[in-house]
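The values are calculated or read from the model by the stated rules, or taken from the named source; none is laboratory data. Keep in mind that this is a model prediction, so the values were computed, not measured. Neighbour counts are summed over all protein chains in view; Cβ atoms, including those assigned to glycine, are modelled from backbone coordinates with ideal geometry.
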Amino acid sequence: MSAIRKKLVIVGDGACGKTCLLIVFSEDRFPEMYIPTVFENYVADINVDGKQVELALWDTAGQEDYDRLRPLSYPDTDVILMCYSIDSPDSLSNIPEKWTPEVKHFCSNVPIILVGNKMDIRDDHIALEELKKLNQEPVKYEQGKAMAEQIGAFAYIECSANNYNSLKLIFFRMSVRYLRWQLGQHLLQKRSMVKSA
């Protein structure tokens, strides 16, 4: 039996943790230094309900310089992972201002999963002090959840690339939930076709 293939495109501000998330998930290693992405692809295989699922993970650049190139990654996307960094309230503000309009323009019917990266920051006293100096605090879970509802996201998750097992579990649960949702959508379409016939 052939694998189910799904394309996930990850978007969000530069340095919000997108690439790190994908490298840890797909390659089981933490990147040693930050290098801004232009485009990168990763592949990860998971087993969902006894079915082999191949996730094609498309990493995109969050910097404004690449706004005209990024749309090349959108065709045939099955799921959008829209990311922000929990240690950057500005990156959360960009979700409805920049990322949602862009994604809805190029992928109007594609489910969005809002992802809060770097959740371990909430327990990092040094990072908390740095944010305090800027008169900021980490984004709260409730704020992320409210944003997910505001933009009509399919799901909301928070994670830390520092916790590999947690990250694997998140991708697994997300895949199960999406595939079950997709099956439900398929059954609804079949029913409406039968009713109209």
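Listed residues 117, 109, 47; which is at negative phi and under 15 Å from the mean Cα position of the chain (by Cα)?
Unique residue meeting the criteria: 117.
Could you tell me whether residue 156 is within 22 Å of the chain's Cα centre (by Cα), over 19 Å from residue 79 (Cβ atoms) and of a type in the set (Phe, Trp, Tyr)?
Considered against the rule, which asks whether it is within 22 Å of the chain's Cα centre (by Cα), over 19 Å from residue 79 (Cβ atoms) and of a type in the set (Phe, Trp, Tyr), residue 156 comes out as no.
Of all residues in segment 1-16, which are charged (D, E, K, R) and either surrounded by fewer than 16 Cβ atoms within 10 Å (Cβ to Cβ) or part of a loop (DSSP other than H, G, I, E, B) (or both)?
5, 13
Identify, from the list 39, 25, 30, the residue that is touching a residue at least 24 places away in the same chain (Cβ under 8 Å), farther than 16 Å from residue 103 by Cα and within 13 Å of the chain's Cα centre (by Cα).
Step by step, each of 39, 25, 30 is checked, and only 25 is touching a residue at least 24 places away in the same chain (Cβ under 8 Å), farther than 16 Å from residue 103 by Cα and within 13 Å of the chain's Cα centre (by Cα).
Here are 95, 80, 113, 126: which of them is in contact with a Cys (Cβ under 7 Å, 6 or more places away or on another chain), of a type in the set (A, V, I, L, M) and either in a strand (DSSP E or B) or modelled with pLDDT of 95 or more (or both)?
Of the residues listed, the single one that is in contact with a Cys (Cβ under 7 Å, 6 or more places away or on another chain), of a type in the set (A, V, I, L, M) and either in a strand (DSSP E or B) or modelled with pLDDT of 95 or more (or both) is 80.
Considering segment 98-120 alone, what residues qualify as being touching a residue at least 12 places away in the same chain (Cβ under 8 Å), out of contact with any strand residue (DSSP E or B) (no Cβ under 8 Å at 6 or more places or on another chain) and not charged (D, E, K, R)?
Passing the criteria: only 106.
Among the numbered criteria (1) charged (D, E, K, R); (2) modelled with pLDDT of 95 or more; (3) surrounded by fewer than 21 Cβ atoms within 10 Å (Cβ to Cβ); (4) within 27 Å of residue 163 (Cβ to Cβ), which one does residue 45 miss?
Residue 45 satisfies all of (1) charged (D, E, K, R); (2) modelled with pLDDT of 95 or more; (3) surrounded by fewer than 21 Cβ atoms within 10 Å (Cβ to Cβ); (4) within 27 Å of residue 163 (Cβ to Cβ) except (2).
How many residues are part of a helix (DSSP H, G or I), out of contact with any Cys (no Cβ under 6 Å at 6 or more places or on another chain) and under 17 Å from residue 6 (Cβ atoms) if we restrict to segment 150-173?
4
Could you check, for segment 106-123, whether at least one of its residues is closer than 21 Å to residue 167 by Cα, in contact with an Asp or Glu (Cβ under 9 Å, 6 or more places away or on another chain) and among the acidic types (Asp, Glu)?
no
Looking at segment 56-79, which of the residues that are free of Cβ contacts under 8 Å to residues at least 60 places away in the same chain and of a type in the set (Gly, Ala, Ser) is surrounded by the fewest Cβ atoms within 10 Å (Cβ to Cβ)?
So, considering only residues that are free of Cβ contacts under 8 Å to residues at least 60 places away in the same chain and of a type in the set (Gly, Ala, Ser), the one surrounded by the fewest Cβ atoms within 10 Å (Cβ to Cβ) is 56.
For segment 49-61, does any single residue satisfy the condition of being charged (D, E, K, R), closer than 24 Å to residue 107 by Cα and in a strand (DSSP E or B)?
yes
From the residues in segment 138-173 that are in contact with a strand residue (DSSP E or B) (Cβ under 6 Å, 6 or more places away or on another chain) and at pLDDT below 90, which one is surrounded by the most Cβ atoms within 10 Å (Cβ to Cβ)?
Across segment 138-173, the extreme among qualifying residues is 170.
Restrict the check to segment 17-40 and report whether at least one residue is among the charged types (D, E, K, R), outside any loop (DSSP other than H, G, I, E, B) and closer than 23 Å to residue 148 by Cα.
yes
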